[in-house]
Each structure stands twice: as C-alpha cells, then as structure tokens.
C-alpha cells in the first residue's frame, strides 16, 4: 500500500542507490553477461508492508534484528525500461 505523495529519489540518497540502476546482470550459456538499460527516473511513494513470514535472509548473517519489520518500504507503478543487447562480462 502506498502512503503519501509521489516522489523521486534525491541525488546521493539511499533511494537513488536502490532505484536508479542502469544495467543488469544475467547468466547466458553459463557465462556472466551484462546489459545496459535506460529508463526515466522512478516515481514512488513510501509504503507499508505486513510481513508474516520471511526466510530469505535466514542463512545469511546480515545483522537484521527483525526480518518481519522492514526498515524501508516503497511502492511504484514501475517504469518502462529499454535494454541493450547482453554482452559477456570481461575478465
């Protein structure tokens, strides 16, 4: 559920770090590949989540004190992403 006004990430903020990604990585034919992307800045709102079960981080020691109470939740309608062809990641 979205809460409050829509916003865009401020330069240098954690929101910008989390939202504004302009490449993706994938395995293709057992090789690590990269594809560059382009999209308009994300428009989002603060969100609220009721988490009743979370086992995703169980096997990692991430220092999360309560996996049922997220520190940060956002909602968004998404963005249209243009992606270039994938390329093998160089060594």
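Just so it is clear, none of the values below were taken in a lab; they were calculated from the coordinates. Since we're looking at a predicted model, the values are computed, not measured. Heads up, the Cβs are rebuilt from the backbone with ideal geometry, glycines too, and the neighbour counts pull from every protein chain shown.
For the reader, a short list of remarks on this structure follows.
- GNM result for the chain, Cα springs below 10 Å: residue of 63, 77, 12 fluctuating most strongly: 63
- Listed peptides 81-88, 23-30 by packing density, highest first (mean Cβ within 10 Å): 81-88, 23-30
- Linear extension gain, residue 40 paired with residue 21, 0.36 nm per residue minus alpha-carbon span: 5.8 nm
- Gaussian network model of the chain, Cα within-10 Å springs - most flexible of 62, 14, 32: 62
- Three-way shape label, the chain, alpha-carbon gyration tensor, a/c 1.5: oblate
- Result for the chain in a Gaussian network model with C-alpha springs under 10 Å: among 22, 60, 36, the largest mean-square fluctuation is at 60.
- Dividing the summed helix terms, -39500 (n - 2.57) for each DSSP H run of n ≥ 4, by the number of residues in the chain produces a 222 nm estimate of -1500 deg cm²/dmol to the nearest 500.
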